[in-house]
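Visitor: My questions all concern the structure below.
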Ligand code: HEC
């Protein structure tokens, strides 16, 4: 069996300590077979890594079976945290790891817990999450690292739910609401809007062109948006692309919250059902990452008289009740748009919902399709990469 060791280095700079560790472990996925006996070799890998500083947990990481034998993990802590020779905590940490005790408080290794492996996700360090939810400044992490972290967070919060199910918002987790919703879906109230959108798609503009000329003849465009447009230097959403198309053909722009825009988006979403969310943040244009980071900062910033961030409700309190509603997890929240809401009595767009949620905490809403909400959509949709699109949808 491969030997297990831990090497740790900590460096403090500008009030932030970066901790790097290299841990060797057997890394048996449980899928490999012994060549001689033909029997499966039992799973054996690090599953949970916890770092403590002055008795406080500063990092917890849940790892899956897809790691290398000597994974490098890096996390950052606010403040100075330097290793001293003989530091009892670190010594205890490595001794315990050597013992590979199943009860180990700091490092646990063993077969994967049941029910979780279905998600086949890379479990990732949650130091960033802890820090963000404590209201500290955002520390840099790549969009891919962010996404692995959110995925890990939500799949831990709601074990046994498949990634694709997150497309159904609160109905994924609330059984009673789900039953009512399924009954409503027998005769979905969004049906007439899809028909209206289809008519719009096939009706020519006054100059003889049509939407098809702007979208390669294909209404199934959901998976291509939101996207970074490097010529314009901004995030372009599908709704915005629709109005760009209209304006380029001398047609007036449509209202972004409801009405014909929502109907056309409903038809395009319907045609796109089953496409998988796959937002990319291109690496060759640093402005794209900046837009993503602005969206992320928006999501975690507390605002309004109630001083709530999106994350306070849709991460921390997901699954809990606010008045008569179950709060949905952010994961998958961008999948089902546009949405018919009973309290709206009509179909509405994602940005309209952003406005409602800003309003809910008595914060001033931002303009529909303004830069703030487009960046937010870019971030939020990226968070849901892997979740299928299933719009339009119904919500009570
Ligand atoms: C005070 C709690 C609260 C805050 C803060 C909040 N929301 Fe919501 N949000 C709700 C509730 C309640 C609903 C309706 C139930 C549901 O579907 O989650 C909702 C619904 C949504 C939905 C629709 C989900 C669906 O499946 O139809 C989206 C998208 C959303 N919120 C995004 C946001 C964003 C982005 C922010 C930050 C700008 C935010 N919310 C802030 C409470 C909140």
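Visitor: Label-point separation (nm) for residue 203 and residue 185, each offset 7 Å from Cα along Cα-to-Cβ?
Guide: Taking the simple label geometry, residue 203 and residue 185 are separated by 3.1 nm.
Visitor: Suppose R0 equals 51 Å; then what is the FRET efficiency for residue 220 and residue 362 from their Cβ-Cβ distance, rounded to the nearest 0.05?
Guide: It comes out at approximately 0.85.
Visitor: Let me ask something additional. Quick one: length gained pulling residue 323 to residue 34 fully straight, 0.36 nm per residue minus the C-alpha distance?
Guide: 98.4 nm
Visitor: What ranking do 339-345, 151-157 get when scored by the average of other Cβ atoms within 10 Å per residue, highest first?
Guide: 151-157, 339-345
Visitor: At 20 °C and 1.002 mPa s, grab the translational diffusion coefficient of segment 113-396 from Stokes-Einstein with a Kirkwood Rh over Cα pairs, rounded to a whole number in µm² per second.
Guide: Rounded to a whole number, D works out at 110 µm²/s.
Visitor: A follow-up question, please. What does the extension gain come out to for residue 144 and residue 18, with contour length at 0.36 nm per residue minus their alpha carbon separation?
Guide: 43.4 nm
Visitor: If each residue of separation counts as 0.36 nm, what is the full-extension length gain between residue 303 and residue 248 once their alpha-carbon separation is subtracted?
Guide: Gain in length upon complete extension: 16.1 nm.
Visitor: Here is a follow-up. Between segment 255-298 and segment 363-385, what's the alpha-carbon centroid distance in Å?
Guide: Each part reduced to its Cα centre gives a spacing of 9 Å.
Visitor: When ranked by the protection proxy of mean other Cβ atoms within 10 Å per residue, highest first, what sequence do the peptides 194-202, 302-310, 233-241 form?
Guide: In decreasing order of mean packing, 194-202, 302-310, 233-241 become 233-241, 194-202, 302-310.
Visitor: Another question, then. Under Stokes-Einstein, with the Kirkwood radius over Cα pairs standing in for Rh, what whole-number D in µm²/s applies to segment 200-333 at 10 °C and 1.306 mPa s?
Guide: 91 µm²/s
Visitor: Measuring from label point to label point, each 7 Å out along Cα→Cβ, what is the residue 229 to residue 178 span in nm?
Guide: Result for the modelled spin labels: 4.0 nm.
Rule-based calculations on the coordinates, nothing more; no lab input. Bear in mind that the values here come from a model prediction, so they are computed numbers and not experimental data. Neighbour counts run over all protein chains shown; Cβ positions are idealised from the backbone, glycine included.
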